[in-house]
1. Quick one: in the range 220-252, which of the residues that are outside any helix (DSSP H, G or I) and open to solvent by 20 Å² or more (accessible area, probe 1.4 Å) is nearest to LEU322 (Cα to Cα)?
2. Report, by residue number, each residue of the range 46-61 that is among the small types (Gly, Ala, Ser), crowded, with 19+ Cβ neighbours inside 10 Å and over 15 Å from ALA372 (Cβ atoms).
3. Please name all residue pairs, on different chains or six or more residues apart, with Cβ atoms under 6 Å, provided the first residue is in the range 142-167 and is closer than 20 Å to GLY120 by Cα and the second residue is of a type in the set (Ser, Thr, Tyr) and crowded, with 18+ Cβ neighbours inside 10 Å.
4. Quickly run through the range 131-146 and pick out the residues that are open to solvent by 80 Å² or more (accessible area, probe 1.4 Å) and modelled with pLDDT of 75 or more.
5. Taking the residues in the range 62-88 that are in a loop (DSSP other than H, G, I, E, B) and over 17 Å from SER10 (Cα atoms) as candidates, determine which candidate is most open to solvent (accessible area, probe 1.4 Å).
6. Is at least one residue of the range 278-290 open to solvent by 40 Å² or more (accessible area, probe 1.4 Å), farther than 28 Å from GLY345 by Cβ and assigned to a loop (DSSP other than H, G, I, E, B)?
7. Out of GLU157, GLU176, which single residue is surrounded by 15 or more Cβ atoms within 10 Å (Cβ to Cβ), at negative phi and acidic (Asp, Glu)?
Amino acid sequence: MKFSLFYPVSLGSPDTKPLGSGLLGLDAGLYGRAVAELREQAVRADETGWTSLMMAEHHFEVEGYHVTPNPLLLNVHLAAHTKRLRHGQMGLVLPNWNPLRLAEDIAVADHLTGGRLDIGLSRGYQARSVGVLAQHVGASSAGAEATDARNRRVFEEWFDVMRRSWTEDLWSREGEFIQVPPAGLPWAHPISTRLGAGVADGQVAQLATVPKPVQLPHPPVFTTVTKSAASIEWAAKVGSSIVTLATGDDVVHGIFQSYADAAAKHGRTVRPGEYRPEGGVALCRLVAVAETHEEAWESARQSLAFMGDWLGEFGFFEAWRLPGQEGPVPRTLEQLVEAGMLLVGTPDEVGEQVQRLQDEFGLEYLVFIACAGAVEHRRMLDTIGLFGEHVIPAFQPVPVA
């Protein structure tokens with residue numbers, strides 16, 4: 001079984017400057033401290049058997065909750081300090097980027113991490129960043145539904161451009177939002193003409209993006225979903241693994257079965273609950289581990305400064321509504337535990353909770369949200385170390401003598 005960490009990279013300092021106490025994103029000293037602590041936590045994860053460490057792309061969060069404008073740079077930095085841990089994103093917001101440039105950056109990062117890169121992709125859910133950075137593809141003025149549909153078309157076209165960049169040599173493509181290469185672009189260099197570098201009649205007729213990734217055809221791809229049928233269908237078609245925060249046994253079973261059914265339509269056999277680098281499923285949860293149940297509960301309580309106060313405003317707790325529950329969903333630890341979103345306790349207690357998930361869903365991959373910056377650094381090290389030392393080994397194959 002694989003276990004990964006998913007970091008927001010918050011700049012809070014629970015002892016002196018807790019999240020929500022000011023515009024912490026402006027404090028360069030807090031950012032430096034967050035990166036140093038992240039590096040130490042990544043090394044602990046590397047040493048204790050975790051699979052990977054992922055981060056999300058967020059911009060302009062002057063409040064300090066998500067200070068990760070370029071996860072790829074942090075991926076490369078942390079890879080230089082770890083030996084076996086993989087590094088990725090959950091995810092890169094495709095509409096924010098030029099897809100050719102992002103394909104190049106990912107390929108370079110794959111080389112710099114020694115082929116330990118995963119690719120997480122997202123359509124983006126925060127208007128403040130997508131609305132500003134995605135101006136290059138325009139915006140729909142026909143209402144939220146039309147804007148969402150346009151965002152999805154951009155996302156899917158951008159991924160197709162990126163995949164061609166990694167897997168094809170010289171190519172061209174004319175799409176709804178981008179033409180590669182644009183018509184009439186002059187390039188009369190004699191060496192390009194002699195080598196057949198996509199030049200015809202003194203113009204650029206085809207492009208090749210370089211370098212190609214270390215991992216072929218490209219690094220493993222992940223995308224987050226709740227229950228979106230369109231997202232599940234797209235992921236199954238292109239071979240992206242889905243990561244869901246959904247809770248409720250019937251809901252999770254339905255999502256996993258939907259992915260398996262969609263993959264079968266595209267010629268791939270994936271068992272519900274199965275993970276493969278070429279596309280499968282993973283479950284996302286929150287975790288807090290300590291030597292005592294009381295200490296673990298305090299670590300979980302600290303995480304609410306991020307999970308409840310910040311993410312809660314974006315509707316995340318709606319995914320953890322209990323059957324028959326009416327009114328606003330309480331942003332409490334009790335709600336998270338009862339919904340099955342939070343795994344909390346000693347290593348033995350959390351190990352039992354992981355075992356239930358594996359038994360119920362045939363699960364092979366768990367991604368845990370790591371609320372560093374809201375939770376004290378020493379508590380994060382405890383969660384990572386204790387889980388890695390005592391829980392992960394119980395879910396690894398027994399070596400054959």
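The values are calculated or read from the model by the stated rules, or taken from the named source; none is laboratory data. Source: prediction; values computed, not measured. All Cβ positions, glycine included, derive from the backbone under ideal geometry; neighbour counts span all protein chains shown. The protein model used for the area step is the full one, side chains on, heavy atoms only, and it has no ligands, DNA or RNA in it. Shrake-Rupley method; radii C 1.70, N 1.55, O 1.52, S 1.80 Å.
1. We begin by selecting, within the range 220-252, every residue outside any helix (DSSP H, G or I); these are 220-228, 239-248.
Narrowing the set further to residues that are open to solvent by 20 Å² or more (accessible area, probe 1.4 Å) leaves 224, 226-228, 245, 248.
Values: THR224: 21, THR226: 15, LYS227: 16, SER228: 19, LEU245: 14, GLY248: 8 Å.
My answer is GLY248.
2. Taking the range 46-61 first, the residues among the small types (Gly, Ala, Ser) are 49, 52, 56.
Applying the additional criterion that residues be crowded, with 19+ Cβ neighbours inside 10 Å yields 52, 56.
Across the range 46-61, the qualifying residue is only SER52.
3. SER165/THR209
4. Those that are open to solvent by 80 Å² or more (accessible area, probe 1.4 Å) and modelled with pLDDT of 75 or more: GLN135, HIS136, ALA144, GLU145.
5. Taking the range 62-88 first, the residues in a loop (DSSP other than H, G, I, E, B) are 62-70, 80-85.
Add one more test, that the residue is over 17 Å from SER10 (Cα atoms), and what stays is 80-85.
Details: ALA80: 82, HIS81: 88, THR82: 11, LYS83: 178, ARG84: 107, LEU85: 0 Å².
My answer is LYS83.
6. Initially, the range 278-290 is screened for residues open to solvent by 40 Å² or more (accessible area, probe 1.4 Å), giving 278.
In the following step, the residues that additionally are farther than 28 Å from GLY345 by Cβ were identified as 278.
Then keep just the ones that are assigned to a loop (DSSP other than H, G, I, E, B); that gives 278.
Yes: the range 278-290 contains one or more residues that are open to solvent by 40 Å² or more (accessible area, probe 1.4 Å), farther than 28 Å from GLY345 by Cβ and assigned to a loop (DSSP other than H, G, I, E, B).
7. On the way: GLU176 fails: surrounded by 15 or more Cβ atoms within 10 Å (Cβ to Cβ).
After applying the criteria, what remains is GLU157.
A quick yes/no check of all residues on (1) without any contact (Cβ under 8 Å) to a residue 40 or more places away in the chain; (2) surrounded by 18 or more Cβ atoms within 10 Å (Cβ to Cβ); (3) among the basic types (Lys, Arg):
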| site | (1), (2), (3) |
| --- | --- |
| GLU326 | yes, no, no |
| PRO330 | yes, no, no |
| LEU336 | no, yes, no |
| LEU342 | no, yes, no |
| PHE368 | no, yes, no |
| ARG378 | yes, no, yes |
| ILE384 | no, yes, no |
